[in-house]
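One structure is given here, and the rest of the page talks about it.
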Amino acid sequence: MTTRAQRNKTNPDLGVLAGRLLFAVQNELFSALAAKGFDDLQPRHGAVMAYMDPEGVRATDLARLSGQHKQVIGTLVDELERLGYVQRHPDPADRRAKLVCPTDRGLEQMKAADKIMNALQDRHARRLGRDAFAQFKAAFMDVTEHQRRAVAKKS
């Protein structure tokens, strides 16, 4: 009989695999960002910064896109505002709503993160082959979206 530790070492379940990938990607990304002067960011800030647009995004959309609760996003936006990465502005489409908009520092971070992530993905695409990597990514996106829909139905 195999133990959970043995099974997850040789045949990890989806949650274990997704977690391993997330932590490894976050470690590389945030280490590289720190080396570029963005050492005040933490992986938790990715729930906002990964979905930020130069024109701004509503906090409710950040919550939906990231899968985080609105309260968590609000706390993260507060932190990022204090750190100088984002500002809240009235939404021109609806003055009652606020847009979370990147500052100049936020835009610099977004460009740096895009460059780091592109290099990371390119490294894996070269290692696996571009077609295999594209198939992997498409399948991973499909499984992720299917899982998110299944969870949403139960809520």
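Just so it is clear, none of the values below were taken in a lab; they were calculated from the coordinates. These figures come from a predicted structure and were not determined experimentally. FYI the Cβ positions are ideal-geometry reconstructions off the backbone, even for glycines, and counts take in every protein chain you see.
Residues in the range 51-69 that are surrounded by 18 or more Cβ atoms within 10 Å (Cβ to Cβ), of a type in the set (G, A, S) and closer than 21 Å to Q147 by Cβ: how many?
Within the range 51-69, residues that are surrounded by 18 or more Cβ atoms within 10 Å (Cβ to Cβ), of a type in the set (G, A, S) and closer than 21 Å to Q147 by Cβ number 1.
I need every pair where a residue in the range 6-25 that is within 22 Å of Q121 (Cβ to Cβ) has its Cβ under 6 Å from the Cβ of a residue that is part of a helix (DSSP H, G or I) and of a type outside the set (D, E), sequence separation at least 6 or different chains.
Pairs that qualify, where the first residue is within 22 Å of Q121 (Cβ to Cβ) and the partner is part of a helix (DSSP H, G or I) and of a type outside the set (D, E), are V16/N8.
Output yes when any residue across the range 55-63 is more than 14 Å from the chain's Cα centre (by Cα), hydroxyl-bearing (S, T, Y) and outside any loop (DSSP other than H, G, I, E, B), and no when none is.
Yes: one or more hits.
Out of V48, V77, V72, report the one residue that is farther than 16 Å from L107 by Cα and either surrounded by 11 or more Cβ atoms within 10 Å (Cβ to Cβ) or without any contact (Cβ under 8 Å) to a residue 24 or more places away in the chain (or both).
Of the residues listed, the single one that is farther than 16 Å from L107 by Cα and either surrounded by 11 or more Cβ atoms within 10 Å (Cβ to Cβ) or without any contact (Cβ under 8 Å) to a residue 24 or more places away in the chain (or both) is V72.
If Q42 satisfies every condition in (1) within 30 Å of K9 (Cβ to Cβ); (2) surrounded by 15 or more Cβ atoms within 10 Å (Cβ to Cβ) but one, which is the exception?
Of (1) within 30 Å of K9 (Cβ to Cβ); (2) surrounded by 15 or more Cβ atoms within 10 Å (Cβ to Cβ), only one is false for Q42: (2).
Which of the residues spanning the range 28-45 are in contact (Cβ under 8 Å) with a residue 12 or more places away in the chain, part of a helix (DSSP H, G or I) and not hydrophobic (A, V, I, L, M, F, W, C)?
Scanning the range 28-45 gives E28, P43, R44, H45.
Can you find a residue in the range 14-26 that is among the basic types (K, R) and closer than 22 Å to A152 by Cα?
No, every residue in the range 14-26 fails to be among the basic types (K, R) and closer than 22 Å to A152 by Cα.
What number of residues in the range 80-102 are in contact with a helix residue (DSSP H, G or I) (Cβ under 9 Å, 6 or more places away or on another chain), surrounded by fewer than 18 Cβ atoms within 10 Å (Cβ to Cβ) and more than 11 Å from A59 (Cβ to Cβ)?
Selection size over the range 80-102: 3.
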